[in-house]
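Structure provided below as structure tokens; questions to follow.
The values are calculated or read from the model by the stated rules, or taken from the named source; none is laboratory data. Because the structure is a prediction, the values reported are computed rather than measured. With ideal geometry, Cβ positions are generated from the backbone for all residues, glycine too; neighbour counts draw on all protein chains shown.
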Amino acid sequence: MCDFHTGRLAVLAALLMLPTLTGCSSRTQPVEGVVVFADTREPATTLAGYLVTFESVEHEPAVSATGVVQADGRFVMSTFAQKDGAVAGKQRVAITPPVDFNSGAVAPWLIHRRHGQFATSGLEIEVKPGRNDVKLEVQRPGRR
């Protein structure tokens, strides 16, 4: 009889812990998007490998999400797990060229450098409950 109650208590304890263990990823919303050049409105396919980073504005401490621009200019954001999205709310966005981790070399800047910092990028989005499909318009170097 003790084993039966002990087993039920263990199952109950595990079920009570489940929301705690999955709580982080359940706070995220799916986010996919495309980076486009502002002058042509075409997908920025030349930015393949660039890193898209979100930083939440409404959370303390801020929560970050990242995605990598693919050959078609699209990206999928990840926060706590691969492709789980970003936390809901306002997000500041930065886009930076890839870094070669072996040499430390940074790929050429094919977008205006201001897009590389949250404070100057001019890029913000709102992640809403449910699926989010965003378009990030960037300037080429030398343009405002």
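Collect the residues in region 52-71 that are of a type in the set (Val, Ile, Thr), surrounded by 18 or more Cβ atoms within 10 Å (Cβ to Cβ) and part of a strand (DSSP E or B), keeping them in residue-number order. Full working, then the answer.
Our first condition is that a residue be of a type in the set (Val, Ile, Thr); within region 52-71, this holds for 52-53, 57, 63, 66, 68-69.
If we keep only those that are surrounded by 18 or more Cβ atoms within 10 Å (Cβ to Cβ) as well, we get 52-53, 63, 69.
Selection gives Val52, Thr53.
Among the listed residues Lys90, Lys83, identify the single one that is surrounded by fewer than 16 Cβ atoms within 10 Å (Cβ to Cβ) and in a strand (DSSP E or B).
Of the residues listed, the single one that is surrounded by fewer than 16 Cβ atoms within 10 Å (Cβ to Cβ) and in a strand (DSSP E or B) is Lys90.
Separate question: Look through region 94-144, keep the residues that are of a type in the set (Val, Ile, Thr) and within 15 Å of Tyr50 (Cα to Cα), and return whichever of them is nearest to the chain's Cα centre (by Cα).
If we take residues in region 94-144 being of a type in the set (Val, Ile, Thr) and within 15 Å of Tyr50 (Cα to Cα), then Ile95 is nearest to the chain's Cα centre (by Cα).
Going through region 74-117 one residue at a time, which ones are under 21 Å from Pro30 (Cα atoms) and aromatic (Phe, Trp, Tyr)?
Phe75, Phe80
Counting only residues that are of a type in the set (Asp, Glu) and either at pLDDT below 95 or more than 17 Å from Leu136 (Cα to Cα) (or both), which one in region 54-88 is farthest from the chain's Cα centre (by Cα)?
The qualifying residue farthest from the chain's Cα centre (by Cα) is Glu60.
Moving to a separate point now. Assuming Asp133 fulfils every condition listed in (1) in a strand (DSSP E or B); (2) surrounded by 11 or more Cβ atoms within 10 Å (Cβ to Cβ) apart from one, which condition is it?
The number of the failed condition is (2).
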